[in-house]
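J.: Dumping the structure here so I can ask a few things about it.
The values are calculated or read from the model by the stated rules, or taken from the named source; none is laboratory data. Nothing here was measured: the structure is a model prediction, and the numbers come from that model. Note that each Cβ is placed from the backbone with ideal geometry, even for glycine, and that neighbours are counted across all protein chains shown.
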Amino acid sequence: MALKYLIRENTYYDSVTLMIISREVKKIEGVKEVIVGMGTELNKELAGNLNLLTPELQKITPNDFFISLDSIDDNIAKKAFAFVDELLSKKKAESEDYQPSTFESALKYMPDANLVLISLPGKYAAREAKNSLLNNKHVMLFSDNVTLEEEIDLKKLAKQRGLLMMGPDCGTAIINHVALAFANVIRKGPIGIVGASGTGIQEVTVMIDKLGSGISQAIGTGGRDLKAEVGGIMMIEGLKALQNDPLTEVIVLISKPPDKEVARKVLSVLKEGKKPSVVYFVGGDPEVIREYGSIPGLSLEDTAHKAAATAKGIPIEDFTGFTVIGIDKIIKGETKKLKETQRYIRGLYTGGTLCDEAMIILSDLIGDIYSNIPLKPEGKLSDINKSYRHSLIDLGDDEFTRGKPHPMIDPYVRQERILSEAKDKETAIILMDFVLGFGSNPDPAGEMIPYIRKAGEITAKDGRHICMISSVCGTEKDPQNLIEQEKKLKKEGVIVMPSNAQAVRLAAAIVLSRRKST
Amino acid sequence: MTKINELFQEELKIINMGLQSFNENLKKQNVKTVQVDWEPPAGGNKKMLSWLDKLK
Amino acid sequence: MVQERIEAANKKVMEIILNGQPTLLDIGIAEEVIPGMTKKTILHAGPPIKWGKMSGPMKGAVTGALIYEGLAVDEKEAAKLAASGEISYDPCHHHNTVGPMAGVVSALMPVWILQNKTYGNYSYCTLNEGLGKVLRYGAYSDEVIKRLKWMENLLAPLLKQALKLHGPIDLKTMITQALQMGDEGHNRNRAGTSLLIRELAPYIIQTKFSEKEKIEVLKFIDSNDHFFLNLTMPACKCTLDAAKNIEFSTIVTVMARNGTEFGIRVSGLGDRWFTGPAGIVDGLLFPGYTAEDANPDIGDSVIAETAGIGGFAMAAAPAIVQFVGGTAKDAVNLTLKMYEITAAENNIYKIPALDFRGTPTGIDIRKVIETGILPSINTGIAHKDPGIGQVGAGLVKPPMNCFEDALQAFVEDLETKNLV
């Protein structure tokens with residue numbers, strides 16, 4: 001039993017601060033009882049209750065500071081006193097800025113807000129989007145689970161008021177060079193984009209940057225904009241705005257194959273403007289695009305090439321090859337390493353449109369591709385967790401993400417899947433996309449490396465080699481840094497291609513080369 | 001000039017309703033934002049919502 | 001439309017609240033000045049409650065009051081009398097009165113007399129006894145009774161004389177100044193107490209009492225940081241009372257707790273109480289006490305928040321937020337949140353830290369329910385056993401059902417009038 005006390009005359013501290021410190025000191029092991037306070041009558045009474053009141057403490061005044069404690073030994077008392085001083089001089093951590101509870105009160109804090117970014121549950125998202133439009137704010141609606149009727153209603157209202165209504169299900173936009181939701185950091189330049197696909201916009205903008213060009217704006221419309229019912233409202237409003245934008249010289253449109261009528265409507269609006277345009281309907285018919293005087297892209301990469309070339313005023317060519325030196329050597333080398341049983345490509349994708357594009361390129365080159373989002377109904381996998389022959393999986397599709405974070409953020413599902421593909425003796429090639437930018441995982445490559453390694457250990461056991469091919473959709477300006485991510489992957493023996501299209505074509509080339517040699 | 005073209009000339013000032021991470025990413029890009037601390041109206045209580053609506 | 005009626009009624013209520021002029025006039029004896037007070041009446045904090053349901057601190061305070069009144073000689077007798085049915089219990093609020101913690105007022109107790117000069121209505125409150133083992137925390141020892149008698153026989157008469165010499169004191173201005181000096185008028189009253197003692201000291205000196213007596217009185221006030229609380233409370237009470245009974249208004253005019261239940265009253269719903277279980281305070285406990293020792297939320301002091309100060313003015317008193325481990329910014333954010341559920345910004349009570357923005361004033365039950373944000377209340381924590389005293393302080397919220405029940409009643413009311 002050791003009662004130790006300390007008095008500091010004429011030393012003021014706030015009573016609340018001292019109460020907090022008392023509580024913290026009490027937690028130290030070996031401290032039985034403690035009181036830290038100013039010499040008020042109340043505190044003396046409390047000290048008395050705890051048998052901590054000494055004759056000296058009895059004499060102090062409310063202007064004097066004291067500590068009185070009962071500990072198992074003197075060392076603990078010393079420690080406690082030192083801790084008190086530490087706490088007295090400690091600075092608190094930063095607090096949050098104020099977060100208003102409603103849109104209306106948010107307007108009070110930022111009356112000149114011009115854009116509302118909504119990622120609320122679908123049930124409420126439409127209501128908030130409508131409220132925003134009624135208050136004359138542009139909207140980016142990231143939420144899905146908004147009904148088609150709600151979408152049409154919102155877009156009509158937005159059109160009426162001349163506002164942007166990006167979404168629902170709009171995951172990417174770059175407005176005034178600000179990355180909104182999932183988007184990359186792209187150089188400024190003369191190419192303006194309107195896209196109904198998030199990763200489609202990401203891949204095209206990233207390729208434009210890699211080619212040394214840049215963008216003015218990238219407007220997202222959400223995935224359903226070009227359906228018959230919606231009629232392409234936002235795509236048309238978006239491209240009109242780009243036609244009127246002095247900083248935009250070339251316009252790019254990206255979408256899944258639209259409804260035929262809607263396609264014509266959109267293309268004729270494009271035609272009315274004077275600016276050159278490049279259009280990519282992923283896997284769609286290039287003829288109708290040419291008919292209206294626009295340039296068809298043959299892949300996301302090719303679209304970027306053509307846009308950049310147009311902007312630079314140099315001749316436009318189809319780009320369906322490789323920019324990698326010594327590609328033939330790579331193809332030959334990989335083909336040799338594969339065993340008899342290894343025949344198939346397994347694509348593990350986080351970006352839906354990248355997966356789409358891969359399937360389109362591959363089915364042209366090597367035949368049927370199976371998937372959870374197949375090009376034809378016959379291609380649907382009976383068990384999406386088990387690949388069959390050539391399989392390309394969109395891990396970001398609803399079936400995989402119910403109740404789980406998206407694979408662009410949380411790599412868990414792909415980490416597990418790569419191991420099961422490695423165990424499958426028929427797997428020859430694993431294709432992966434790594435999407436960088438704001439919104440994505442802080443280190444997509446780093447997250448997969450241990451599993452790529454593990455996959456290699458699994459295959460090494462029976463003397464197999466799996467060819468790992470990937471592309472990284474990003475720029476060196478992105479938080480994750482394209483260069484660093486590519487380096488990490490290359491170090492692990494992954495073949496890193498400059499674009500999704502090239503990664504896919506390489507995989508096809510290896511398969512074709514194997515067919516020849518068997 | 002349409003409102004969209006006007007937006008292209010303005011500094012973006014964003015109200016973020018939903019994922020905090022979106023707000024943080026905007027802050028990293030030095031964009032002025034307000035994060036809404038959103039809750040479903042009346043906590044989703046249908047009875048309360050119907051009474052509130054009667055008073056509107 | 002009905003919304004317009006409500007908005008118009010609320011506008012009127014806010015006008016009345018913001019135009020209030022709470023003024024300290026005098027000191028009187030409870031049974032002589034409080035309407036409806038009798039020798040056998042005991043007023044208490046919060047909504048109506050019977051002896052059998054009272055929590056420890058309130059029972060202790062009732063016991064102490066009965067002994068103080070000379071109606072019982074000890075605890076045993078007091079308990080018997082308290083339960084006998086001879087004593088009538090009533091909320092302070094039913095008698096233009098407010099009381100902190102147990103809030104017990106009995107016939108012989110001296111009370112502050114305030115008047116809302118703009119509208120003429122009065123309010124009353126006992127004088128604050130001090131900290132620790134005092135009646136309002138349920139203590140009833142000889143020491144407590146002795147002190148109460150001293151207050152009745154010396155403190156009150158002396159201050160009454162001093163007040164007469166000084167003249168009425170404009171409490172609205174004094175509270176305004178206190179808010180700009182680190183007070184919030186509920187849990188932090190040090191500045192207000194200092195301003196009061198400064199105002200009265202020259203007149204205390206001039207009263208016809210002995211030097212010893214004057215010194216006793218000055219020391220008494222000086223030793224009690226919360227002396228001013230018993231003035232902020234009735235100031236808020238007479239401000240809000242003037243705004244009672246405005247048909248169609250959804251503004252809250254009373255919030256109060258009796259240690260068992262939390263109750264609210266709404267201007268457009270007359271005298272009806274809407275009650276729910278009193279909450280447990282989230283805060284800091286004095287050394288030697290744990291969460292098990294705490295009594296549920298108790299006292300009329302939440303009239304402060306009802307009038308737009310107290311927890312609503314937390315941005316003016318950041319020290320309080322440390323009770324819940326917060327920073328100065330958290331204190332600001334707490335006040336900012338309250339603007340989401342109130343009808344107006346105060347015209348006089350301004351907060352320097354918010355660029356002299358008026359405090360959030362006039363709680364609207366519709367907004368509370370729509371946003372899910374409950375009023376944030378700063379309060380002391382009483383020990384659940386009578387006779388021990390304060391064991392801590394922190395933050396607490398009312399139960400949501402009070403507001404939901406009030407909303408239901410409001411809508412049903414309009415339905416019977418065929419207005420919805």
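J.: Tell me yes or no: at least one residue of segment A:231-245 is charged (D, E, K, R), farther than 16 Å from A:Thr303 by Cβ, in contact (Cβ under 8 Å) with a residue 24 or more places away in the chain and more than 14 Å from chain B (Cβ to nearest Cβ). Reasoning before the result, please.
T.: First pass over segment A:231-245, keeping only residues charged (D, E, K, R): A:237, A:240, A:245.
So of that shortlist, the ones also farther than 16 Å from A:Thr303 by Cβ come out as A:237, A:240, A:245.
In the following step, the residues that additionally are in contact (Cβ under 8 Å) with a residue 24 or more places away in the chain were identified as A:237, A:240, A:245.
Within this subset, residues satisfying the condition of being more than 14 Å from chain B (Cβ to nearest Cβ) are none.
No, because not a single residue in segment A:231-245 is charged (D, E, K, R), farther than 16 Å from A:Thr303 by Cβ, in contact (Cβ under 8 Å) with a residue 24 or more places away in the chain and more than 14 Å from chain B (Cβ to nearest Cβ).
J.: So which residues in segment A:372-411 are more than 23 Å from the chain's Cα centre (by Cα) and either outside any loop (DSSP other than H, G, I, E, B) or in contact (Cβ under 8 Å) with a residue 40 or more places away in the chain (or both)?
T.: A:Leu375, A:Pro377, A:Glu378, A:Gly379, A:Lys380, A:Ser387, A:Arg389, A:His390, A:Ser391
J.: Right, C:Ile215: part of a helix (DSSP H, G or I), modelled with pLDDT of 95 or more and either closer than 17 Å to C:Asp183 by Cα or in contact with a Cys (Cβ under 6 Å, 6 or more places away or on another chain) (or both) or not?
T.: Numbers: part of a helix (DSSP H, G or I): yes; modelled with pLDDT of 95 or more: yes; either closer than 17 Å to C:Asp183 by Cα or in contact with a Cys (Cβ under 6 Å, 6 or more places away or on another chain) (or both): no.
No: the conditions fail for C:Ile215.
J.: Pick out the one residue from A:Met38, A:Met19 that is surrounded by 16 or more Cβ atoms within 10 Å (Cβ to Cβ) and either more than 11 Å from every other protein chain (Cβ to nearest Cβ) or in contact (Cβ under 8 Å) with a residue 40 or more places away in the chain (or both).
T.: Numbers: A:Met19 fails: either more than 11 Å from every other protein chain (Cβ to nearest Cβ) or in contact (Cβ under 8 Å) with a residue 40 or more places away in the chain (or both).
Matching residue, one of A:Met38, A:Met19: A:Met38.
J.: Go through segment C:346-375 and count every residue that is among the polar types (S, T, N, Q) and within 14 Å of chain B (Cβ to nearest Cβ).
T.: So in segment C:346-375, the residues among the polar types (S, T, N, Q) come out as C:346-347, C:359, C:361, C:371.
From the residues that got through so far, the ones that are within 14 Å of chain B (Cβ to nearest Cβ) too are C:371.
Selection size over segment C:346-375: 1.
J.: Ok, one more. Any residue in segment A:493-505 that is free of Cβ contacts under 8 Å to residues at least 40 places away in the same chain, in the same structural domain as A:Lys423 (by TED's automatic domain parsing) and assigned to a strand (DSSP E or B)?
T.: Looking through segment A:493-505, at least one residue is free of Cβ contacts under 8 Å to residues at least 40 places away in the same chain, in the same structural domain as A:Lys423 (by TED's automatic domain parsing) and assigned to a strand (DSSP E or B).
J.: Go through segment A:108-162 and report how many residues are among the polar types (S, T, N, Q), within 12 Å of chain B (Cβ to nearest Cβ) and more than 21 Å from B:Gln9 (Cβ to Cβ).
T.: Within segment A:108-162, the subset among the polar types (S, T, N, Q) is A:114, A:119, A:131-132, A:135-136, A:143, A:145, A:147, A:160.
Filter once more, keeping what is within 12 Å of chain B (Cβ to nearest Cβ): A:114, A:119, A:131-132, A:135-136, A:143, A:160.
Now restrict to residues that are more than 21 Å from B:Gln9 (Cβ to Cβ): A:119, A:131, A:143, A:160.
Qualifying residue count, segment A:108-162: 4.
J.: Just to verify a result, which residue in segment A:176-208, among those that are surrounded by fewer than 24 Cβ atoms within 10 Å (Cβ to Cβ) and touching a Leu at 6+ places or on another chain (Cβ under 8 Å), is farthest from A:Leu148 (Cα to Cα)?
T.: Residues of segment A:176-208 surrounded by fewer than 24 Cβ atoms within 10 Å (Cβ to Cβ): A:176-178, A:185, A:187-190.
Narrowing the set further to residues that are touching a Leu at 6+ places or on another chain (Cβ under 8 Å) leaves A:176, A:178, A:190.
Values: A:Asn176: 29, A:Val178: 28, A:Pro190: 34 Å.
Within segment A:176-208, the match that is farthest from A:Leu148 (Cα to Cα) is A:Pro190.
J.: Out of all the residues in segment C:217-251, which are among the basic types (Lys, Arg), surrounded by fewer than 22 Cβ atoms within 10 Å (Cβ to Cβ) and either touching a Ser or Thr at 6+ places or on another chain (Cβ under 8 Å) or within 17 Å of C:Asp170 (Cα to Cα) (or both)?
T.: Across segment C:217-251, the qualifying residue is only C:Lys244.
J.: Next question. Give the number of residues within segment A:405-421 that are out of contact with any strand residue (DSSP E or B) (no Cβ under 8 Å at 6 or more places or on another chain), surrounded by 20 or more Cβ atoms within 10 Å (Cβ to Cβ) and within 16 Å of A:Arg453 (Cα to Cα).
T.: Here the count works out to 1.
J.: Now a separate question. Among the residues of segment A:135-147, is there at least one that is touching a residue at least 40 places away in the same chain (Cβ under 8 Å) and over 17 Å from A:Ile254 (Cα atoms)?
T.: yes
J.: Quickly run through segment B:4-34 and pick out the residues that are crowded, with 19+ Cβ neighbours inside 10 Å and touching a Lys or Arg at 6+ places or on another chain (Cβ under 9 Å).
T.: Answer for segment B:4-34, where residues must be crowded, with 19+ Cβ neighbours inside 10 Å and touching a Lys or Arg at 6+ places or on another chain (Cβ under 9 Å): B:Ile4, B:Leu12, B:Ile14, B:Ile15, B:Leu26, B:Val31, B:Thr33, B:Val34.
J.: Next up: I'd like the full set of residues that are in a helix (DSSP H, G or I) and either among the hydroxyl-bearing types (Ser, Thr, Tyr) or within 14 Å of chain B (Cβ to nearest Cβ) (or both), limited to segment A:437-471.
T.: Initial filter on segment A:437-471 (in a helix (DSSP H, G or I)): A:444-461.
A:Tyr451, A:Thr459, listed by residue number.
J.: What is the number of the single condition among (1) touching a residue at least 24 places away in the same chain (Cβ under 8 Å); (2) closer than 24 Å to C:Ile17 by Cα that C:Tyr339 does not meet?
T.: (1)
J.: Now for a different question. If the requirement is being exposed (fewer than 15 other Cβ atoms within 10 Å of the Cβ) and in contact (Cβ under 8 Å) with a residue 60 or more places away in the chain, which of these qualifies: A:Asp74, A:Asp70? Working first, answer last.
T.: Working: A:Asp70 fails: exposed (fewer than 15 other Cβ atoms within 10 Å of the Cβ).
Just a single option satisfies the conditions, and that option is A:Asp74.
J.: Follow-up. What pairs come out if I take residues in segment C:54-66 that are assigned by TED's automatic domain parsing to the domain that holds C:Lys149 and pair them with residues that are part of a helix (DSSP H, G or I) and aliphatic (A, V, I, L, M) whose C-beta lies under 6 Å away, six or more apart or interchain?
T.: C:Ala61/C:Leu135; C:Val62/C:Ala82; C:Thr63/C:Ala78; C:Gly64/C:Leu135; C:Gly64/C:Val144; C:Leu66/C:Ala78; C:Leu66/C:Leu81
J.: If you go through segment C:398-416 one residue at a time, how many are within 28 Å of C:Phe312 (Cα to Cα), without any contact (Cβ under 8 Å) to a residue 24 or more places away in the chain and more than 8 Å from chain B (Cβ to nearest Cβ)? Working first, answer last.
T.: First, pick out the residues of segment C:398-416 that are within 28 Å of C:Phe312 (Cα to Cα): C:398-411.
If we keep only those that are without any contact (Cβ under 8 Å) to a residue 24 or more places away in the chain as well, we get C:408, C:411.
Imposing the further condition that a residue be more than 8 Å from chain B (Cβ to nearest Cβ) reduces the set to none.
Final tally of qualifying residues: 0.
J.: Quick check on A:Asn184: is it over 24 Å from A:Val279 (Cα atoms), in contact (Cβ under 8 Å) with a residue 12 or more places away in the chain and out of contact with any Cys (no Cβ under 6 Å at 6 or more places or on another chain)? Even if it seems obvious, please write down each step before you answer.
T.: On the way: over 24 Å from A:Val279 (Cα atoms): no; in contact (Cβ under 8 Å) with a residue 12 or more places away in the chain: yes; out of contact with any Cys (no Cβ under 6 Å at 6 or more places or on another chain): yes.
So A:Asn184 fails the test.
J.: Scan segment A:192-209 residue by residue and report those that are assigned to a loop (DSSP other than H, G, I, E, B) and modelled with pLDDT of 95 or more.
T.: Here is the first cut: in segment A:192-209, the residues assigned to a loop (DSSP other than H, G, I, E, B) are A:196-197.
Within segment A:192-209, just A:Ala196 meets the criteria.
J.: Across segment C:322-336, which residue is surrounded by the fewest Cβ atoms within 10 Å (Cβ to Cβ) among those that are of a type in the set (A, V, I, L, M) and free of Cβ contacts under 8 Å to residues at least 40 places away in the same chain?
T.: Of all residues in segment C:322-336, those of a type in the set (A, V, I, L, M) come to C:324, C:328, C:331-332, C:334, C:336.
This time we only want the ones that are free of Cβ contacts under 8 Å to residues at least 40 places away in the same chain, so: C:328, C:331-332, C:336.
Numbers: C:Ala328: 16, C:Ala331: 24, C:Val332: 22, C:Leu336: 21.
The extreme case among them is C:Ala328.
J.: Quickly run through segment A:389-404 and pick out the residues that are in contact with a strand residue (DSSP E or B) (Cβ under 7 Å, 6 or more places away or on another chain), surrounded by 17 or more Cβ atoms within 10 Å (Cβ to Cβ) and not aliphatic (A, V, I, L, M). Break it down into steps so the answer makes sense when it comes.
T.: To start, the set of residues in segment A:389-404 that are in contact with a strand residue (DSSP E or B) (Cβ under 7 Å, 6 or more places away or on another chain) comprises A:389-395.
If we keep only those that are surrounded by 17 or more Cβ atoms within 10 Å (Cβ to Cβ) as well, we get A:390-395.
Matches in segment A:389-404: A:His390, A:Ser391, A:Asp394.
J.: Would you mention how many residues in segment B:1-43 are out of contact with any helix residue (DSSP H, G or I) (no Cβ under 9 Å at 6 or more places or on another chain) and on the phi > 0 side of the Ramachandran plot?
T.: Residues flagged as out of contact with any helix residue (DSSP H, G or I) (no Cβ under 9 Å at 6 or more places or on another chain) and on the phi > 0 side of the Ramachandran plot within segment B:1-43 amount to 1.
J.: Hey, any hits in segment A:476-483 for a residue that's in a helix (DSSP H, G or I) and more than 14 Å from chain B (Cβ to nearest Cβ)?
T.: Residues of segment A:476-483 in a helix (DSSP H, G or I): A:482-483.
From what's left, more than 14 Å from chain B (Cβ to nearest Cβ): A:482-483.
Yes, segment A:476-483 contains a residue that is in a helix (DSSP H, G or I) and more than 14 Å from chain B (Cβ to nearest Cβ).
J.: Search segment A:439-451 for residues being surrounded by fewer than 24 Cβ atoms within 10 Å (Cβ to Cβ) and either of a type in the set (A, V, I, L, M, F, W, C) or more than 13 Å from the chain's Cα centre (by Cα) (or both), and hand back the single one that is farthest from A:Ser387 (Cα to Cα).
T.: Top of the filtered list is A:Gly446.
J.: Tell me which of these C:Lys208 doesn't satisfy, since it passes every other one: (1) modelled with pLDDT under 95; (2) within 21 Å of C:Leu165 (Cα to Cα).
T.: (1)
J.: Let me ask another. Out of A:Ser105, A:Ser68, report the one residue that is of a type in the set (Ser, Thr, Tyr), within 24 Å of A:Lys26 (Cα to Cα), within 13 Å of chain C (Cβ to nearest Cβ) and in contact with a helix residue (DSSP H, G or I) (Cβ under 7 Å, 6 or more places away or on another chain). Walk me through it before giving the result.
T.: Working: A:Ser105 fails: within 24 Å of A:Lys26 (Cα to Cα).
On inspection, the qualifying residue turns out to be A:Ser68.
J.: So which of A:Gly189, A:Gly212 ends up being more than 12 Å from chain B (Cβ to nearest Cβ), over 16 Å from B:Ile4 (Cβ atoms) and in a strand (DSSP E or B)? Break it down into steps so the answer makes sense when it comes.
T.: Working: A:Gly212 fails: in a strand (DSSP E or B).
None of the other options fit; the residue is A:Gly189.
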